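Before any comments, here is the structure.
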Amino acid sequence: MSTNGKPKYKVIGTRPIRHDGVDKVTGRAKYGADIRLSGLLHGIVLRSPHAHARIVRIDTSRAEALAGVRAVVTAADIPPQGDRMVELGEGAVNMRHLSANVLAHDKVLYKGHAVAAVAADNVHIAEEACKLIDVEYEVLEPVLDVLKAMLPDAPVLNDDVRTDVMGGSPAASDRPTNVARQIIFTKGDVQAGFAAADVVLEREFRTGTVHQGYIEPHNATAMWNANGKVTVWMSTQGIFTARQQTAELMRIPVADVKVVPMEIGGGFGGKISVYLPPVAAALSKKTGRPVKVIMDRSAVFEATGPTPASYIKIKLGVTRDGMITAGDAYLAYEAGAFPGSPIGPGCMCVFSCYDFPNARVEGYDVCVNKPRSNAYRAPGSTNAAFAIETVVDEVCQQLGIDPADFRLKNGAKEGVRRVDGPVYSRIGMLETVEAIKASEHYQSKLAGPNQGRGIASGYWFNIGLKSAVTATVGYDGSVTLIEGSTDIGGSRTSIAMQLAETLGITAEQVTPSVVDTDSVGYTDVTGGSRVTFATGIAAIEAARDIQRQLVIRAAELWEVDPSTVTYVDGGVSGPDGKRMTFEELAHKLPETGGPVIGNGTSGKATQAGAFGTHCVDVEVDPETGKVQVLRYTVAQDVGTAIHPSYVEGQLQGGAVQGIGWALNEEYWYDDKGSMRNATYLDYRIPTCYDVPMIDTILVEVPDPQHPYGVRGVGEVPICPPPAAIANAIAAAAGVRMKQLPMSPPRIMSAIWERDAAK
Amino acid sequence: MAKKRVVSIKLNGDPVEFLCEPRQTLLEVLRDTLDMTGTKEGCSNGNCGACTVLMDGRPVTSCLVLAVEAEGAEVRTVEGVACGSHLAPVQQAFLEGAALQCGICTPGFIMQTEALLAENPSPTEEQVRFYLAGNLCRCTGYDKIVRAVMCAADKRRAAMDD
Amino acid sequence: MARVFIPAQIRDLTDGQEVVEVNGTTVREVIEGLESIHPGTRERLCRDGQLRPGLMIAVDSSVASSGLRTSINRDSEVHFLPAIGGG
Ligand code: FES
Ligand code: FES
């Protein structure tokens, strides 16, 4: 489906084969672990066996004595940070915390926390050496639950954390606490709003700790040269932030670090923060040789990633005819070892799909003895969507209102003031609901017993930030495009397509490359659904720069005034019907002064945000509590789909991650704070046998801030699935699930509870 | 450290000899000794399928095979799927169907699909999903992968009919 | 006059007022103006002449990409919000 009056594009909206495709289907593409350097050493990180402990002593002498061991490092080899916050592109980070996460200082705060690292001739020797490092711990009591960690007598993780209350600390206490931040939004008169409601529902929710689950483990190879210059080869979502984090952590100038992007095997937000580059760099500095460090899968689970577990309470007031009068939300998110959960966006997203005349939102960022939480696709929004969207569904059920109609009545649209303050510009929430309502899926009948259907919506901001592109015209009419956005899902091609569209040439004429930090202008992370939007704008700017230069070259060739020449339809047109195509003019560049290089940047544009509405049919096995997803449809406002296949791919991939979050995925901890399922066997992400085809409806409501109307699409599709599935389960089995994941045992207990109540 | 062994295999059609420690996996030798880095490592314990190769035509997770166990075997990796510069139907179908995003799972899926189609040239969607269930992909949601495999089956059958 | 939306947690400094009208052509000027009406507010929004870490500014419905230097129109709305990243 697309909006009427859509402009006609030649390249945008087509499905060319991605430029890096052949390398990736033949095994030739080089990912982080594939790098080979002469004299390469292999590093292994020793990790804490305890969830919470003081490090009394580390003795590395036995490890250092092992044949084949070249160096051992601990936190003592990473320069001290002092108390400083550094802006790292996606926000300011407390450097002491980041440094202590890379190698533990005086305390370990989660099982798997890095304590020391060894570089040796091969991984096996390095592994043996790790076992020879003697660490004496004073074990402390861990706290693993968000609400328990908020209690005044909870064990405290960080001595330097005080509750940040919007710029000030509460006057009440100056004691260390796990509660790192409080957020409050209010709009209107909440009391009056609830008083005007005919139905008021209040529900509590819990969601589990989940991991991004990228198949490629973290990796980094570093070479600390004798001249003090450091090169890092790694898979990362942001080469420039990786460079800056490495430089700041090692306290060397940013210009002394070069980050070379390798192909990246998935990130979803989890490959922005650095873990290994400073460790590899410190080992390389000690040995004078390149050092490669690759995490194993259990370290990936135990020490990276997760997105927070949460406690959420929602109160919703609605009139008999289905109008929202008030909302109240309380959210507490686990930050993990150090402050920084996505509680801010969680609070901003919880009511963002609707027009709330009156509302209050209160949120807390809380440290617990789990790995430091990181972004995961629309960070903070999925937890919140699970809560609000199931309460909305329950209200609809009580009032006998169709849930799509309820959303059409109350849904956010241009001009609505959000609970956190700003007013929406042009957005497509209602269009996604209409698309679902009109879909064959929503209109169809369910096929059998124990089946149910649910819908849910979700919102994500999408960010703008900064990007740079340089494009060079070849004399044969080709264009090489260089960019700094690491390509995780085909973005090279969608960037090349925007340049091609602007120049009026084909996508195949453009050869895009992702290059290192010395070779392209500053570019922010591949995240926040920003690459196709912001790097796309930079590519369009580069193309316009080329157009301007080509106009001058053509004027010179034709011996006319440049003001009489225009660039249109893939070529230049001049007076008296003069015309040259892009290729014809490219051939003539050598005789008009040589190369034409276009530069483009973007840095000012911000995105309007995106909405999705999902519809799912499930079957609940009443004997086992197993939920089978039978049919799934995603409708999302995608602005303008540049390469529809990869847009669909984002929607499908995000939806399936959301299905995993909904039904299976969760960290299991024992009471000592040890994760008991740190393998893919036990932390079960969906396989292709678990899911059906994921149908997509691309709703195109162009974002006016992008020349072609692009909206970021990558994140919002993970938000609706848990709620949509919970709503479908409620329809199928008559139980309202309030905890994620909705695993068979939880569903069975809900069913037994339901039967007992009868 | 135990003594190194000499192992002879046939790798993508060519005889290859290598020296390895008994504790080294086939995956490690392929990648680190033989420089065949097309085969990927996602978990090293048999759960993700990224390291799938064919051993005597059977798909195996090479992280669970000791290199010495491969003695005498015919091993096929993703580097041996294309015929010269001609992509195999499976590779072509993955490209055309946009069945990869980050691509780290792709070599494993391609090898598993090769095995599937050799065994069953016309699989149903259900059979495809069952056969590929040991290969994890976190990016695509599998929709386009399953479609690409079905399409590769069509392409292969068409090529055989020619 | 620009309309500054006062975050709930610093309304103790604005006598509970949710919106304060202030003159100014940039966010920085608006904060100065706010400070002169409600002393103490600047301190809660800024540190060392910069916006406090963890905050972002939105002018009307857009994130202000030039921080405190962002220019504002006479009838603009200014919001102070938690910073957002992304996955
Ligand atoms: S690396 Fe072998 S199955 Fe995952
Ligand atoms: S494409 Fe990334 S894991 Fe499959």
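The values are calculated or read from the model by the stated rules, or taken from the named source; none is laboratory data. If you're wondering where the values come from, they're calculated on a predicted model, not measured in any experiment. So basically every Cβ, Gly included, is an ideal-geometry build from the backbone, and we count neighbours across all protein chains shown. In case anyone asks, the SASA skips ligands and DNA or RNA and just uses the protein heavy atoms, side chains included. Shrake-Rupley method; radii C 1.70, N 1.55, O 1.52, S 1.80 Å.
Residue check: is A:Phe205 buried (at least 21 other Cβ atoms within 10 Å of the Cβ) and assigned to a helix (DSSP H, G or I)?
Answer is no for this residue.
State the number of residues belonging to the range A:24-54 that are touching a residue at least 12 places away in the same chain (Cβ under 8 Å), closer than 14 Å to B:Gly38 by Cα and open to solvent by less than 70 Å² (accessible area, probe 1.4 Å).
Residues that pass the stated criteria total 7.
Here are the criteria: (1) touching a helix residue (DSSP H, G or I) at 6+ places or on another chain (Cβ under 8 Å); (2) surrounded by fewer than 20 Cβ atoms within 10 Å (Cβ to Cβ); (3) facing chain A (nearest Cβ under 8 Å); (4) not small (Gly, Ala, Ser). Tell me which single one B:Lys155 does not satisfy.
(3)
So that you can scan it fast, the table gives a plain yes or no per residue for (1) open to solvent by 30 Å² or more (accessible area, probe 1.4 Å); (2) more than 24 Å from A:Gly528 (Cβ to Cβ); (3) part of a loop (DSSP other than H, G, I, E, B):
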position: A:Val433; (1), (2), (3): no, yes, no
position: A:Lys437; (1), (2), (3): yes, yes, no
position: A:Tyr442; (1), (2), (3): yes, yes, no
position: A:Ile455; (1), (2), (3): no, yes, no
position: A:Ile463; (1), (2), (3): no, no, yes
position: A:Gly477; (1), (2), (3): no, yes, yes
position: A:Thr480; (1), (2), (3): yes, yes, no
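Looking at (1) within 19 Å of A:Thr207 (Cα to Cα); (2) open to solvent by less than 20 Å² (accessible area, probe 1.4 Å); (3) of a type in the set (Lys, Arg), which is the one condition that is false for A:Arg684?
Just one mismatch for A:Arg684, condition (2).
Among the strands (runs of 3 or more DSSP E) lying completely within the range A:495-590, list those that include at least 2 residues that are under 32 Å from the mean Cα position of the chain (by Cα).
Working: elements: A:510-514, A:566-568, A:571-573, A:579-581.
Answer list for the range A:495-590: A:510-514.
If you go through the range B:103-142, how many residues are more than 16 Å from ligand 2 (Cβ to nearest atom) and surrounded by fewer than 24 Cβ atoms within 10 Å (Cβ to Cβ)?
Within the range B:103-142, residues that are more than 16 Å from ligand 2 (Cβ to nearest atom) and surrounded by fewer than 24 Cβ atoms within 10 Å (Cβ to Cβ) number 15.
Just one of A:Thr696, A:Thr679 is part of a loop (DSSP other than H, G, I, E, B) and among the polar types (S, T, N, Q); which is it?
Details: A:Thr696 fails: part of a loop (DSSP other than H, G, I, E, B).
None of the others qualify; the one that does is A:Thr679.
Any residue at all in the range A:715-735 that's farther than 24 Å from A:Ala387 by Cβ, more than 14 Å from every other protein chain (Cβ to nearest Cβ), among the hydrophobic types (A, V, I, L, M, F, W, C) and crowded, with 18+ Cβ neighbours inside 10 Å?
no
Residue check, A:Ser519 against (1) modelled with pLDDT of 95 or more; (2) buried (at least 20 other Cβ atoms within 10 Å of the Cβ), all met but one. Which one?
Condition (2) is where A:Ser519 drops out.
Would a scan of the range A:236-253 turn up a residue that is touching a Phe, Trp or Tyr at 6+ places or on another chain (Cβ under 9 Å), within 16 Å of ligand 1 (Cβ to nearest atom) and touching a residue at least 24 places away in the same chain (Cβ under 8 Å)?
Taking every residue of the range A:236-253 in turn, none turns out to be touching a Phe, Trp or Tyr at 6+ places or on another chain (Cβ under 9 Å), within 16 Å of ligand 1 (Cβ to nearest atom) and touching a residue at least 24 places away in the same chain (Cβ under 8 Å).
Kindly indicate whether A:Arg676 is open to solvent by 20 Å² or more (accessible area, probe 1.4 Å), more than 20 Å from A:Ala496 (Cα to Cα), more than 8 Å from chain B (Cβ to nearest Cβ) and touching a Phe, Trp or Tyr at 6+ places or on another chain (Cβ under 9 Å).
The answer is yes for A:Arg676.
Taking the criterion of being more than 10 Å from every other protein chain (Cβ to nearest Cβ), part of a loop (DSSP other than H, G, I, E, B) and open to solvent by less than 30 Å² (accessible area, probe 1.4 Å), would at least one residue in the range C:53-67 satisfy it?
No: the range C:53-67 contains no residue that is more than 10 Å from every other protein chain (Cβ to nearest Cβ), part of a loop (DSSP other than H, G, I, E, B) and open to solvent by less than 30 Å² (accessible area, probe 1.4 Å).
What residue, among those in the range A:135-169 that are closer than 17 Å to A:Tyr333 by Cα and of a type in the set (Gly, Ala, Ser), is surrounded by the fewest Cβ atoms within 10 Å (Cβ to Cβ)?
Ranking the qualifying residues of the range A:135-169, first place goes to A:Ala154.
Given the options B:Glu28, B:Glu21, name the one that is crowded, with 21+ Cβ neighbours inside 10 Å and out of contact with any Ser or Thr (no Cβ under 8 Å at 6 or more places or on another chain).
On the way: B:Glu21 fails: crowded, with 21+ Cβ neighbours inside 10 Å.
When all the criteria are applied, what remains is B:Glu28.
Count, please, the residues in the range B:49-62 that happen to be within 12 Å of chain A (Cβ to nearest Cβ) and either more than 16 Å from ligand 2 (Cβ to nearest atom) or surrounded by fewer than 24 Cβ atoms within 10 Å (Cβ to Cβ) (or both).
The qualifying residues number 1.
Any idea how many residues of the range B:33-48 are more than 7 Å from every other protein chain (Cβ to nearest Cβ) and more than 14 Å from ligand 1 (Cβ to nearest atom)?
The qualifying residues number 3.
List pairs: first in the range A:402-427 and within 17 Å of A:Asn358 (Cα to Cα), second surrounded by fewer than 18 Cβ atoms within 10 Å (Cβ to Cβ) and among the acidic types (Asp, Glu), Cβ under 9 Å, 6+ apart or cross-chain?
Filtered contacts from the range A:402-427: A:Lys409/A:Asp321; A:Pro422/C:Asp60; A:Val423/A:Glu414; A:Val423/C:Asp60; A:Tyr424/A:Glu414.
So B:Ile145 passes all but one of these: (1) within 16 Å of ligand 1 (Cβ to nearest atom); (2) within 15 Å of the chain's Cα centre (by Cα); (3) open to solvent by less than 10 Å² (accessible area, probe 1.4 Å). Which condition number does it fail?
(1)
Would you check which residues across the range C:1-33 are more than 10 Å from chain A (Cβ to nearest Cβ), in contact with a Leu (Cβ under 8 Å, 6 or more places away or on another chain) and assigned to a helix (DSSP H, G or I) and list them?
C:Val27, C:Arg28, C:Ile31
Please report, ordered by residue number, the strands (runs of 3 or more DSSP E) entirely within the range B:49-110 with at least 1 residues that are away from ligand 1 (no atom under 16 Å from the Cβ) and either closer than 18 Å to A:Cys688 by Cα or assigned by TED's automatic domain parsing to the domain that holds B:Leu26 (or both).
B:74-76
Given the range A:30-86, what strands (runs of 3 or more DSSP E) lie entirely inside it while holding 2 or more residues that are β-branched (Val, Ile, Thr) and within 28 Å of the chain's Cα centre (by Cα)? Step through it out loud before you land on a result.
Numbers: elements: A:41-47, A:53-59, A:69-74.
Because the criterion is at least 2 residues that are β-branched (Val, Ile, Thr) and within 28 Å of the chain's Cα centre (by Cα), the strands (runs of 3 or more DSSP E) in the range A:30-86 that meet it are A:41-47.
Just to verify a result, which residue in the range A:105-134, among those that are within 23 Å of A:Ala337 (Cα to Cα) and open to solvent by 10 Å² or more (accessible area, probe 1.4 Å), is nearest to the other protein chains (Cβ to nearest Cβ)?
By that ranking, first place goes to A:Lys111.
Restricting the search to the range B:110-126, which residues are within 17 Å of the chain's Cα centre (by Cα) and among the small types (Gly, Ala, Ser)?
Selection gives B:Ala115, B:Ala118.
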